[in-house]
Amino acid sequence: MEYKPTGPLDAKILFVAEAPGGAEEREGKPLVGSSGQEFSKCLKEAGIPREICRLDNVFHWRPPNNKFHAEWCSSKKIVSEAYKEIREALVKACPKYPWPSTYTWASVGQGKYLNPEHLPELQRLKEEIASVKPNLVVALGGVAAWALLGTSGITKLRGVVAESSLVLGQKVLPTWHPAYIQRVWESRLTLIVDLIKAKREMEFPEIRRPQRKIWINPTIEDIVCFRDKYIVGAKLLAFDTETERKQITCISFAPRHDLAITIPFVDKTKPGYNYYQDVKDEVRAWQLVKEILLMPMPKLAQNGLYDLQYLWMQHGVEVRNYLEDTMLLHHALYIELKKDLGYLGSVYTDEAAWKLMRHRAKDTVEKKDD
């Protein structure tokens, strides 16, 4: 039976899974087996009618024994040699796809690379997305996330919208494959949370990120100015430290959700790794940190007990009126869910994935408030 996508051609949302299973292969439709039935239940709980969704797979045929990595992938060396031999045939078969001269795709995971004879399916998927023009594509599982985003590691990617590397300008939201939640049932709630986010994101095509002003590389005068202008009188003050080798490398303060300052103490580009080259400036910076943390407004942190021990034990700095902790509150509400910062960011914010944000570091510029 010919395998085809299902759902309206003008759908706002397109779900892309990995490949057909046994039931999907027999019926020629995606997500109709036991995992598809569970997926329908999750969609309903998230408030998304299945009939308004377009459903497809990266691949339209089934891997032998459903073992994708074992049957369809090989080492980088093997696939690179195979790619050289069939590249000319690929160009003829899919002339619109920008085949590079060498095999440069990211690893699908587990140190494996997709065998090049399956690469035309990426072109087919690209054309499917271009014809539907959905506001949002949801990648179900690691293989779909790899095909759409060009990177592996679904655990660090899920729950966060990003631009597709396959179809430039296309918004993608990776999440768990429904077959995965059948094996790891505690992940079901996370899938529903991601689908609730998908329901919101499917209403517009662009990626919307929070707009913030962050003061970096400040002078002592900058810290004093920020304190007097924004921290004094704040109703709530968030703080966070970064540590390395039992030393605080920087501390940040945010009196508002859209405004923060980062005060560094370690800078590996400077002599001795000291951000402040004058010891008097470093002493003054710590005095200002201590004064700020002793202010009476309530303080907020993520797993703040970690920060408190470093501040007190290493520098004798006390945090006054520490009342709010995002990790503890989330854990109290949803004890079965993960509580690390990356997970909370994927659930509660519209920020980029932590793993992908590292590649944007080169675009960071020093910026102070007007």
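The values are calculated or read from the model by the stated rules, or taken from the named source; none is laboratory data. Worth saying up front: this structure is predicted, and the values here are computed from it rather than measured. Glycine also receives a Cβ, built like all others from the backbone with ideal geometry; neighbour counts cover every protein chain displayed.
For region 277-297, the set of residues classified as outside any loop (DSSP other than H, G, I, E, B) and among the hydrophobic types (A, V, I, L, M, F, W, C) consists of 279, 283, 285, 286, 288, 289, 292, 293, listed by residue number. In the set (1) under 19 Å from residue 124 (Cα atoms); (2) out of contact with any Leu (no Cβ under 8 Å at 6 or more places or on another chain); (3) surrounded by fewer than 20 Cβ atoms within 10 Å (Cβ to Cβ), the condition left unmet by residue 20 is number (3). It is to be established whether one or more residues within region 343-358 are on the phi < 0 side of the Ramachandran plot, assigned to a loop (DSSP other than H, G, I, E, B) and at pLDDT below 85. Yes, region 343-358 contains a residue that is on the phi < 0 side of the Ramachandran plot, assigned to a loop (DSSP other than H, G, I, E, B) and at pLDDT below 85.
Reported count of residues in region 197-237, each being of a type outside the set (Val, Ile, Thr), part of a helix (DSSP H, G or I) and in contact with a Phe, Trp or Tyr (Cβ under 8 Å, 6 or more places away or on another chain), is 2.
Table: residues versus (1) more than 16 Å from residue 56 (Cα to Cα); (2) among the aliphatic types (A, V, I, L, M).
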| residue | (1), (2) |
| --- | --- |
| 165 | yes, no |
| 172 | no, yes |
| 177 | no, no |
| 208 | yes, no |
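If you go through region 194-242 and pick out every residue that is under 19 Å from residue 288 (Cβ atoms) and under 17 Å from the mean Cα position of the chain (by Cα), you end up with 0.
Restricting the search to helices (runs of 4 or more DSSP H) fully inside region 85-180 and requiring at least 3 residues that are in the same structural domain as residue 43 (by TED's automatic domain parsing), touching a strand residue (DSSP E or B) at 6+ places or on another chain (Cβ under 8 Å) and small (Gly, Ala, Ser) gives 142-149.
Scanning region 161-184 for residues that are within 23 Å of residue 35 (Cβ to Cβ) and in contact (Cβ under 8 Å) with a residue 12 or more places away in the chain returns 172, 173, 174, 175, 176, 177, 178, 179, 180, 181, 182.
Within region 247-276, if we keep just the residues that are assigned to a loop (DSSP other than H, G, I, E, B) and under 24 Å from residue 320 (Cβ atoms), the residue that is nearest to the chain's Cα centre (by Cα) turns out to be 257. Against the numbered list (1) buried (at least 19 other Cβ atoms within 10 Å of the Cβ); (2) in contact (Cβ under 8 Å) with a residue 60 or more places away in the chain; (3) under 16 Å from residue 63 (Cα atoms), residue 121 comes up short only at (1). Counting the residues of region 87-116 that are surrounded by fewer than 16 Cβ atoms within 10 Å (Cβ to Cβ) and modelled with pLDDT of 90 or more gives 0.
Restricting 7, 28 to residues that are within 20 Å of residue 128 (Cα to Cα), of a type in the set (Gly, Ala, Ser) and in contact with a Leu (Cβ under 8 Å, 6 or more places away or on another chain) narrows the list to 7.
When region 197-232 is filtered for residues that are touching a helix residue (DSSP H, G or I) at 6+ places or on another chain (Cβ under 8 Å), surrounded by fewer than 19 Cβ atoms within 10 Å (Cβ to Cβ) and more than 30 Å from residue 299 (Cβ to Cβ), only 199 remains.
Criterion applied to 305, 300, 311 was being assigned to a helix (DSSP H, G or I), closer than 22 Å to residue 343 by Cα and assigned by TED's automatic domain parsing to the domain that holds residue 351, and the one residue passing it is 305.
Scanning region 257-274 for residues that are surrounded by 15 or more Cβ atoms within 10 Å (Cβ to Cβ) and free of Cβ contacts under 8 Å to residues at least 40 places away in the same chain gives 265, 266, 267, 274. May I ask you to verify whether residue 155 is out of contact with any Phe, Trp or Tyr (no Cβ under 9 Å at 6 or more places or on another chain), on the phi < 0 side of the Ramachandran plot, without any contact (Cβ under 8 Å) to a residue 12 or more places away in the chain and among the polar types (S, T, N, Q)? In short, yes.
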